[in-house]
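Okay, so here's the structure we're looking at.
The values are calculated or read from the model by the stated rules, or taken from the named source; none is laboratory data. All figures in this text were calculated on a predicted structure; none of them were measured in a lab. Backbone-built Cβ (ideal geometry, glycine too); neighbour counts: all protein chains shown. Side chains included, ligands, DNA and RNA excluded: accessible areas come from the protein's heavy atoms. Shrake-Rupley method; radii C 1.70, N 1.55, O 1.52, S 1.80 Å.
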Amino acid sequence: MLHPVRDTASFPWPRAFRRGLRAWAVLTAVFAASSTFAAGPEGATAFHKDVEPILDLYCCTCHNSTLKKGGLVLNEFESDAALLENRQLWWKVLKMTRAGMMPPLKKDRPSAEQFEQIEHWIKSAVFQIDPKNPDPGHVTLRRLNRVEYRNTIRDLLGVDFNADAAFPPDDTGHGFDNIGDVLSLSPLLLEKYLTAAKSVVAQAVPAGPLTVAEKKLAGRRFRAADGEAGDGPLALSYYKAATVSCTIPAEHAGKYQLVLDLTGNEKYVDGVFDYNKCKLVFKADGKALFEKEYSRQGGQKFHHVFDLDWQAGDHELTFALEPLTPDEKQVRSLTLRIDSVTVRGPLEKDHWVHPPNYERYFPKAVPESAAERRKYAHELLASFATRAFRRPAGEESVDRLVKLAESVYTKEGQTFEAGIAQAMTAVLASPRFLFREEGAESNQGDTHPLLDEYALASRLSYFLWSSMPDDELIRLAAEHKLRKNLSAQVTRMLADPRSSEFVRHFSGQWLQARDIESVEINARAVIGRDEVVDPKVQKQRERFRELIRKPADSLTDDEKKELAELRSAVFGAGGRRFNQFELTGDLRRSMRRETEMTFDYVMRKDRTLLELLDSDYTFLNEALAKQYGIDGVKGPEMRMVTLAKDSPRGGVLTQATVLVTTSNPDRTSPVKRGLFILDKVLGIPPAPPPPDIPPLEDAAAGIKDKNPTLRETLKRHRQDALCASCHNRMDPLGLALENFNALGRWRDKERDQPIEASGQLITGETFANVRELKHVLVTKHARDFYRCLTEKMLTYALGRGLEYYDVQAVDEIVARIEKEDGRSSALLIGIIESAPFQKRRAAPVDADPDKTRQERSPDPRKE
């Protein structure tokens, strides 16, 4: 399961794969048969004969060497060669005509056949696309980003390594943080990787065959007489007496150690201090080992070690917390958290045991002879390096690792295990682990050979799991059977819990859902903008500002008293009232889960992709339903909720993740929201704004007779011709969402004026409200959405931005989606079966892979 969803069936993809493969074969044949234009002189001739007359009639009145509207000149080229070589120009033309944005709505427009003629000439003559053997694009060695590193370390060694804390944030490109061209490797980051490798191996791989026995008791193992034991830490309140205990058996008599880990916690409330105190007593078999008083200790950790002599048998460990200030006011939530108690012993060597997971790394006894040890080291390191490198490590590499291990374990006082651990550290610091190396099948002169199956296994696993291939993928790749079993493997991988990473990280970046947990929103300012201010409250605020500006020593006693009363009136009850609108951590996480579960549901149930834009359901818990004004949802559990027929919700555009992350801290932003729809839904973002654009507030300042709404401010802003061209695209889309404030809550008015959400798209369609806008997008712009989503997901899957030569692959995937009535399986199948995903450009025929690796430039990201 990607995520548990109520009443979901298993994913019906094997049949969809078969349908998709048949459709792909048909489409490939159609595209191949329809190729009539050629590159070179023939392409230029075809342009002058068939394309140029269309451009002269419909386009060149604006896009000529004099006006140069949009920076495009379509009637003047230095030569036929320059005409055909300007691929970026024609790529832009293709995008704008496909989106229906050019020619403008009020101008005469070419017929569908003429548009198709232009498009076909661009793809065949300019892009020189061969449908039978499309260019799969450049290969950039991709460094593992933080998410991929963490997941790979988890699956390789079983260590949950905090990569976010250890490494700086990854750069992003094309909207994603897994793009090879921006995942650079600085000397500082390389040092951090070496430090991380040492830390990970130290946590996972035993440094010797024997160690002191150790048992870690989670805080929740300690319980009251009538309580139940559990996992995780246990929080004890400062304000309530409590006694909790746990019984631990000692198998042998001897010396033991108890290691106690505690954390003091406090919850901030209204900016005041809580002066309560408590006393904690820790006992073993009734004898106090530790007694300490605690006051407010926000986030502070405490670590204590006790040495004991124990007899064999059961021993009772007890915590007793006693409040010390019962009369003190409680204004915070102070707790003392018992994280764990670790019992170590007996300490005598006679009772030492194998370290945890010892058999995982050393399944056989360590031999005595040097030759046998070398052979065993080779066996262990060959297996580990092959898994870590995600392909056979090669004899030379393994021999070097064995020599490294041998140089350690042959030293006096060192163990065989320590030598293996040192070699494993070298593996984790190797470029072959940190970068995803990709090879090709024997090309036999093919300019675009298939990826070798190890590379295909990695592409699949990092696409769907954000982690390394598992044993089954590697086994099939080794047997050269992965492509033959691709359908079954994709189905298996999507049923694996690790596929939740695809949902989390693709939807989190495509829809900006993961930004919801950190975006700044001033709830007081947002709500205040929408409320009608009580004249009495307004006078109080003005009087408060008047008094607060005076020097404190100049205030009279009456004024000081008045100021205190005003502070309480203006910020006291008002502040508490605004607290109900704050986006708490739990609420933000619920918002993110709503988006993830929506995307997950559409993918898991093989629903139409259009339900991402408009649907009659969403996923809510009680807190999020309250935020949306939806009744009848109780409890913290997220679940599918059917929406009322007239509900404006349904689809990602009206979910809080989108509405909040596309807002300013104190108000909505129709510009950001409109840009979001253009970029994330329609795939036609405008160019970046030119420099020295006046801020929106300048336009508002020009409206003197009232506080203008955002619609009125934007209307004035668009009067500037420099601003109009882009805002005419963005503003109608963003203003359609104005009924949702910057907190994602519904409102009918802004500044006591009714909100007008109607508009017209630049392509001509009109709508009265957000429900009608979603209907327009679904019915009139489905292909635009399919193409945009395909481009986004293909970018994520490949780890590179798309180029003009990817147009063919995208078109084939979109055609497949349309043939399958928008089913999500057609999208995933199309990407996985596409030439860019399955193939790569051939390396030079005389290139020696080992020599190429050694002679690679200092930037190891590119081949």
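Per-structure values
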{"quantity": "Residue in the range 600-620 that is free of Cβ contacts under 8 Å to residues at least 40 places away in the same chain, in contact with a Gly (Cβ under 9 Å, 6 or more places away or on another chain) and surrounded by 21 or more Cβ atoms within 10 Å (Cβ to Cβ) present", "calculated": "yes"}
{"quantity": "Pair list, Cβ under 7 Å, 6 or more apart: the range 326-338 residue part of a loop (DSSP other than H, G, I, E, B), other residue polar (S, T, N, Q)", "calculated": "Glu328/Asn276; Gln330/Asn276"}
{"quantity": "Test for Arg545: is it in a helix (DSSP H, G or I), modelled with pLDDT under 95, open to solvent by 50 Å² or more (accessible area, probe 1.4 Å) and farther than 25 Å from Ile677 by Cα", "calculated": "yes"}
{"quantity": "All positions within the range 783-807 that are open to solvent by 20 Å² or more (accessible area, probe 1.4 Å) and in contact with a helix residue (DSSP H, G or I) (Cβ under 7 Å, 6 or more places away or on another chain)", "calculated": "Arg783, Asp784, Arg787, Glu791, Lys792, Leu802, Tyr804"}
{"quantity": "Filtered residues of the range 136-171 (kept if in contact (Cβ under 8 Å) with a residue 40 or more places away in the chain and open to solvent by 30 Å² or more (accessible area, probe 1.4 Å))", "calculated": "His138, Val147, Arg154, Asp155, Gly158"}
{"quantity": "Helices (runs of 4 or more DSSP H) enclosed by the range 718-817 - at least 3 residues per element that are at pLDDT below 90", "calculated": "721-735"}
{"quantity": "Complete set of residues in the range 373-392 that are under 36 Å from the mean Cα position of the chain (by Cα) and surrounded by fewer than 16 Cβ atoms within 10 Å (Cβ to Cβ)", "calculated": "Ser383, Pro392"}
{"quantity": "Test for Pro449: is it touching a strand residue (DSSP E or B) at 6+ places or on another chain (Cβ under 6 Å) and either open to solvent by less than 10 Å² (accessible area, probe 1.4 Å) or at pLDDT 95 or above (or both)", "calculated": "yes"}
{"quantity": "Those residues of the range 104-126 which are farther than 17 Å from Ala687 by Cβ and in a loop (DSSP other than H, G, I, E, B), in sequence order", "calculated": "Leu105, Lys106, Lys107, Asp108, Arg109, Pro110, Ser111"}
{"quantity": "Selection within the range 77-103 - in a helix (DSSP H, G or I), free of Cβ contacts under 8 Å to residues at least 40 places away in the same chain and of a type in the set (D, E, K, R)", "calculated": "Asp80, Glu85, Lys92"}
{"quantity": "Candidate set from the range 393-418 (those that are free of Cβ contacts under 8 Å to residues at least 60 places away in the same chain and part of a loop (DSSP other than H, G, I, E, B)); member that is most open to solvent (accessible area, probe 1.4 Å)", "calculated": "Glu412"}
{"quantity": "Residue list for the range 752-782, restricted to those being among the small types (Gly, Ala, Ser), in contact with a strand residue (DSSP E or B) (Cβ under 7 Å, 6 or more places away or on another chain) and buried (at least 17 other Cβ atoms within 10 Å of the Cβ)", "calculated": "Gly759"}
{"quantity": "Test: residue in the range 352-371 that is farther than 27 Å from Arg840 by Cβ, open to solvent by 40 Å² or more (accessible area, probe 1.4 Å) and in contact with a helix residue (DSSP H, G or I) (Cβ under 8 Å, 6 or more places away or on another chain)", "calculated": "yes"}
{"quantity": "Number of the exception - Gly298 against (1) surrounded by fewer than 15 Cβ atoms within 10 Å (Cβ to Cβ); (2) in a strand (DSSP E or B); (3) of a type outside the set (Ser, Thr, Tyr)", "calculated": "(2)"}
{"quantity": "Of residues in the range 231-242 being surrounded by 12 or more Cβ atoms within 10 Å (Cβ to Cβ) and in a loop (DSSP other than H, G, I, E, B), the one modelled with the lowest pLDDT", "calculated": "Gly232"}
{"quantity": "Qualifying residue in the range 52-59 (condition: open to solvent by less than 50 Å² (accessible area, probe 1.4 Å), within 26 Å of Thr763 (Cβ to Cβ), in a loop (DSSP other than H, G, I, E, B) and at pLDDT 85 or above)", "calculated": "yes"}
{"quantity": "Any chance Arg673 is open to solvent by 10 Å² or more (accessible area, probe 1.4 Å), at pLDDT 95 or above, on the phi < 0 side of the Ramachandran plot and in contact with a helix residue (DSSP H, G or I) (Cβ under 6 Å, 6 or more places away or on another chain)", "calculated": "no"}
{"quantity": "Matching residues in the range 278-295 - criterion: being open to solvent by less than 40 Å² (accessible area, probe 1.4 Å) and within 18 Å of Ala250 (Cβ to Cβ)", "calculated": "Phe282, Ala284"}
{"quantity": "Test: residue in the range 640-663 that is modelled with pLDDT under 95, part of a helix (DSSP H, G or I) and buried (at least 17 other Cβ atoms within 10 Å of the Cβ)", "calculated": "no"}
{"quantity": "Val807, sole failed condition from (1) in contact with a Gly (Cβ under 9 Å, 6 or more places away or on another chain); (2) under 30 Å from Ser458 (Cα atoms); (3) among the β-branched types (Val, Ile, Thr)", "calculated": "(1)"}
{"quantity": "Considering residues of the range 65-80 that are within 43 Å of the chain's Cα centre (by Cα) and open to solvent by less than 70 Å² (accessible area, probe 1.4 Å) only, the residue farthest from Ala112 (Cα to Cα)", "calculated": "Gly71"}
{"quantity": "So Ser407, is it among the polar types (S, T, N, Q) and either closer than 23 Å to Arg475 by Cβ or in contact with a strand residue (DSSP E or B) (Cβ under 9 Å, 6 or more places away or on another chain) (or both)", "calculated": "no"}
{"quantity": "Odd one out for Val201 among (1) under 20 Å from Lys301 (Cβ atoms); (2) surrounded by 16 or more Cβ atoms within 10 Å (Cβ to Cβ)", "calculated": "(1)"}
{"quantity": "Members of the range 313-338 that are closer than 17 Å to Ala218 by Cα and open to solvent by 40 Å² or more (accessible area, probe 1.4 Å)", "calculated": "Glu316, Arg337"}
{"quantity": "Positions within the range 622-639 being under 17 Å from Arg745 (Cβ atoms) and either more than 27 Å from the chain's Cα centre (by Cα) or part of a loop (DSSP other than H, G, I, E, B) (or both), in sequence order", "calculated": "Gly629, Ile630, Asp631, Val633"}
{"quantity": "Count - residues of the range 179-225 that are part of a loop (DSSP other than H, G, I, E, B) and more than 25 Å from Leu258 (Cα to Cα)", "calculated": "5"}
{"quantity": "The range 430-446, residues that are open to solvent by 30 Å² or more (accessible area, probe 1.4 Å) and within 20 Å of Val200 (Cα to Cα)", "calculated": "Pro431, Arg432"}
{"quantity": "Selection status of Arg529, outside any strand (DSSP E or B), at pLDDT below 85 and closer than 26 Å to Leu743 by Cβ", "calculated": "yes"}
